[in-house]
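Novice: The following block contains the structure, expressed as structure tokens.
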Amino acid sequence: MRDKVLINDVGPRDGLQNQSSILSVEQRIQVIRGLLNAGVRSVEVGAFVSPKAVPAMANTDQVLAGLTSESGIDRQVLVPNAKGYELARRAGADTVVLVICASETMNQRNVRMSVEDSMAQAREICRAARTDGIRVVGCIAVAWQCPFEGATDPGRVMDLAGQLFALGVDDVNVADTIGAANPKVVNDLMGALAREYGASRLACHFHDTRALALGNIYAALEAGIRKFDSAVGGIGGCPFAPGATGNAASEDVVMLLEQMGLDTGIDLAALMDVGKLVGSMLGVATGGRADTWRRLQLEKGAPLI
Ligand code: COA
Ligand code: ZN
């Protein structure tokens, strides 16, 4: 049996939160349905954040309401605080992703509170989620570099991960929010985290700002990580972290993993269609770095994998 890798597509959240055009609820649902039809089993469908802070994520409850008939999938939503958790619970999310930044300045810019206060919110959310049967992912943002404070101390990330696991999160997602990590530091940190907490409860999230997202994914794979965030079409970025560009494109990530013999369960040609769809909705070119090659292969009837 091939080794399995779980792809969590964050396009409908990370991908859409930073675009100049805002998609309608129906368009967001159409994109998510496309992902599910392509075989994606985990999708970050939106965020319960202040609509003033991130207008593109308003009405995430309606997005979830449009996805109730789908089964066997993990509908994740980002929440910044206990209020967001309560809204997510009421709307029927399967998993909440709570974000803690590894630097004080970034945490203040993102959620307007200290890391300690975010941790207190995380404690409250974890306690409620256990009773409500909702999964919790603790995401450590700016885990390698902060746009305001520079390089992140790996010890700080180890410590935050330990605190999150102690609160009862199911997984810890380690995020290179601005795309400034490289394969060496990724392998070092993910290796250390995997030794301490076990690779099966860790995930990674990379942006492709310096064209190193795929290299970073490979470095994390080598450290034993088998869960990755990526965004269909390579859209994405954080409105509060200057310089961040798109996420690793799901199309490129699936291609990399499947070519290496790993099993994502995703139909790459179908995924490419979703990338094209979201690109046409947003009016931006999408598809990932190897899009031209993949399209030529399809034209020739040649394999993608
Ligand atoms: N969802 C929706 N509304 C929320 C909310 C949530 N999770 N949390 C707070 N609010 C509302 C409050 O009810 C209040 O509304 P009102 O003005 O109508 O009374 C308003 O937002 C301000 O509340 P306050 O607690 O003072 O929040 P704030 O202004 O300090 O902002 C956050 C804090 C966390 C709500 C805001 O910074 C945020 O949503 N950040 C998200 C950032 C993000 O998504 N980053 C990208 C992903 S990492
Ligand atoms: Zn991101």
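Novice: From (1) charged (D, E, K, R); (2) within 14 Å of ligand 2 (Cβ to nearest atom); (3) surrounded by fewer than 22 Cβ atoms within 10 Å (Cβ to Cβ), pick out the condition that doesn't hold for Arg13.
Specialist: The single condition Arg13 does not satisfy is (3).
Novice: Condition first: at pLDDT below 95 and either within 16 Å of ligand 2 (Cβ to nearest atom) or touching a helix residue (DSSP H, G or I) at 6+ places or on another chain (Cβ under 7 Å) (or both). Now tell me which residues in the range 18-37 satisfy that. Walk me through how you get there before you give the answer.
Specialist: First, pick out the residues of the range 18-37 that are at pLDDT below 95: 18-21.
Asn18, Gln19, Ser21 - these are the residues of the range 18-37 that are at pLDDT below 95 and either within 16 Å of ligand 2 (Cβ to nearest atom) or touching a helix residue (DSSP H, G or I) at 6+ places or on another chain (Cβ under 7 Å) (or both).
Novice: Examine the range 100-111 for a residue that is over 29 Å from Leu189 (Cβ atoms) and at pLDDT 95 or above, and state whether such a residue exists.
Specialist: As a first pass, look at the range 100-111 and keep what is over 29 Å from Leu189 (Cβ atoms): none.
No, because not a single residue in the range 100-111 is over 29 Å from Leu189 (Cβ atoms) and at pLDDT 95 or above.
Novice: I need the full set of residues from the range 131-151 which are over 12 Å from Val96 (Cα atoms) and more than 20 Å from the chain's Cα centre (by Cα), in order please.
Specialist: Initially, the range 131-151 is screened for residues over 12 Å from Val96 (Cα atoms), giving 131, 140-151.
Of everything in the range 131-151, those that are over 12 Å from Val96 (Cα atoms) and more than 20 Å from the chain's Cα centre (by Cα) turn out to be Thr131, Phe148, Glu149, Gly150, Ala151.
Novice: Continuing with the same structure: So, Arg210, is that one in contact with a Lys or Arg (Cβ under 9 Å, 6 or more places away or on another chain), under 20 Å from Lys184 (Cα atoms) and surrounded by fewer than 23 Cβ atoms within 10 Å (Cβ to Cβ) or not? Reasoning before the result, please.
Specialist: Working: in contact with a Lys or Arg (Cβ under 9 Å, 6 or more places away or on another chain): no; under 20 Å from Lys184 (Cα atoms): yes; surrounded by fewer than 23 Cβ atoms within 10 Å (Cβ to Cβ): yes.
In short, no.
Novice: Right, another one. Looking for something within 16 Å of the chain's Cα centre (by Cα) and not aliphatic (A, V, I, L, M) - is there at least one such residue anywhere in the range 35-43?
Specialist: Yes, the range 35-43 contains a residue that is within 16 Å of the chain's Cα centre (by Cα) and not aliphatic (A, V, I, L, M).
Novice: I'm checking my understanding of the structure. Among residues of the range 226-261 that are within 11 Å of ligand 2 (Cβ to nearest atom), of a type in the set (A, V, I, L, M) and at pLDDT 95 or above, which one is surrounded by the fewest Cβ atoms within 10 Å (Cβ to Cβ)?
Specialist: Ala248
Novice: Of everything in the range 103-145 that's among the hydroxyl-bearing types (Ser, Thr, Tyr) and under 21 Å from Ala93 (Cα atoms), which residue is surrounded by the most Cβ atoms within 10 Å (Cβ to Cβ)? Break it down stepwise before answering.
Specialist: Narrowing the range 103-145 to residues among the hydroxyl-bearing types (Ser, Thr, Tyr): 103, 105, 114, 118, 131.
From what's left, under 21 Å from Ala93 (Cα atoms): 118, 131.
On the way: Ser118: 21, Thr131: 7.
My answer is Ser118.
Novice: Here are some conditions: (1) in contact with an Asp or Glu (Cβ under 8 Å, 6 or more places away or on another chain); (2) part of a helix (DSSP H, G or I). Asp273 meets all but one. Which one does it not meet?
Specialist: (1)
Novice: What are the pairs with Cβ atoms under 6 angstrom where one residue, in the range 234-245, is polar (S, T, N, Q) and the other, located anywhere, is more than 10 Å from ligand 1 (Cβ to nearest atom) and part of a loop (DSSP other than H, G, I, E, B)? Sequence gap at least six, or different chains.
Specialist: Close Cβ pairs (under 6 Å, with a partner that is more than 10 Å from ligand 1 (Cβ to nearest atom) and part of a loop (DSSP other than H, G, I, E, B)) amount to Thr245/Thr209.
The values are calculated or read from the model by the stated rules, or taken from the named source; none is laboratory data. This one's a predicted model, so the numbers in the text were calculated from it and none came from an experiment. Here the Cβ is made from the backbone with ideal geometry for all residues, glycine too, and neighbour counts use every protein chain on show.
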